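No lab work stands behind these numbers, since they all come straight from the coordinates. If you're wondering where the values come from, they're calculated on a predicted model, not measured in any experiment. Note that we place each Cβ from the backbone using ideal geometry, even for glycine, and neighbour counts take in every protein chain shown.
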């Protein structure tokens, strides 16, 4: 059995002909959502199920993941913390601001934070970033995975408020949360157009791929805010 680091803090565990995506466990001995814990050469790793994680799917789709050990990450749509826990592993010297709207899933997220001090749980609507502006500092990366219809607008609002110069937006666009009738490709095209041209802010898209077979009707993308738009307020 061997381990290869494929991006900062993200690993592939190789056993025979099989490969498993994983992160190094920040809290050894503790599983978050029933994932397997694997020890290799004295280090413990948590298997990462890409079918339960848009970020994990983006890793397997060969996206360059712009998250480092000391990154500050704003995670929009944290849910109960499945993917957030892996981001916590990736940024042992950084911090994850985890925004979630549901009080039910927030209870699970808070329990996760009891063991992981680099996660800050925030019960709030991601469409209203000014409500948590007193908590969140400027961040290196925004990762967004929300089920609201105005996904591009939410990304723009939060980027204007919190994204550092040269910071990255990582976005999982859920077509069926935006339009249940239109074709996903049409929805994706319109959301990308909005990111590039609307909301008095423009993004430069670096990479985008559909996240099948891990997540149907989802588009993953990585973008940067254009410098000339940073000082305009939405």
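Under 10 Å, Cα contacts only: if you run a Gaussian network model on the chain, which one of 131, 171, 74 comes out with the highest mean-square fluctuation?
131
Which one, 86, 215, 134, has the greatest fluctuation when you compute a Gaussian network model over the chain with C-alpha springs under 10 angstrom?
134
What Rg and what Dmax come out for the stretch 76-128 when only alpha-carbon atoms are used, in angstroms?
Taking only Cα atoms of the stretch 76-128, I get Rg and Dmax of 10.1, 29 Å.
I want to verify the translational diffusion coefficient of the stretch 52-229 in µm²/s; compute it with Stokes-Einstein, Rh as the Kirkwood radius over Cα pairs, at 20 °C and 1.002 mPa s.
Rounded, D is 133 µm²/s.
So in the chain, what percent of DSSP beta bridges are antiparallel if you round to the nearest 5?
Counting only bridges with both partners in the chain, antiparallel ones make up about 60 percent.
May I ask you to compute the full-extension gain from residue 31 to residue 212, defined as 0.36 nm times their residue separation minus their alpha-carbon distance, rounded to one decimal in nm?
62.5 nm
Compute the acute angle (0 to 90°) between the alpha-carbon long axis of helix 184-197 and the principal axis of greatest extent of the alpha-carbon atoms of the chain; round to the nearest 10°.
On a 0 to 90 degree scale, this one is about 70.
How big is the gap, in Å, between the Cα center of the stretch 74-112 and the Cα center of the stretch 130-190?
Centre-to-centre (Cα) distance: 16 Å.
Determine the calculated [θ] at 222 nm for the chain from helices alone, applying -39500 (n - 2.57) to every DSSP H run no shorter than 4 residues and normalising by the residue count; nearest 500 deg cm²/dmol.
Value at 222 nm, helices only: -7500 deg cm²/dmol.
Starting from a Cα-only point model with no solvent, please compute log10 I(q)/I(0) by Debye for the stretch 2-48 at q = 0.14 1/Å.
Debye intensities relative to I(0), on a log10 scale: -0.28.
GNM, the chain, Cα, under 10 Å: largest mean-square fluctuation among 161, 144, 20?
Residue with maximal mean-square fluctuation among 161, 144, 20: 20.
In square nanometres and to one decimal, what's the mean projected area of the convex hull around the Cα atoms of the stretch 37-78?
Hull-based average projected area comes out at 4.3 nm².
Which order results if 187, 120 are arranged by neighbouring Cβ count within 10 Å, fewest first?
Sorted ascending by nearby Cβ count, the order is 120, 187.
At 0.36 nm per residue, minus the direct Cα-Cα distance, what do residue 52 and residue 4 gain on full extension? Give it in nm, one decimal, please.
Here the segment from residue 52 to residue 4 would lengthen by 15.1 nm.
Taking 0.36 nm per residue of sequence separation and subtracting the Cα-Cα distance, how much length would be gained by fully extending the chain between residue 61 and residue 198, in nm to one decimal?
Fully extending the segment from residue 61 to residue 198 adds 46.6 nm.
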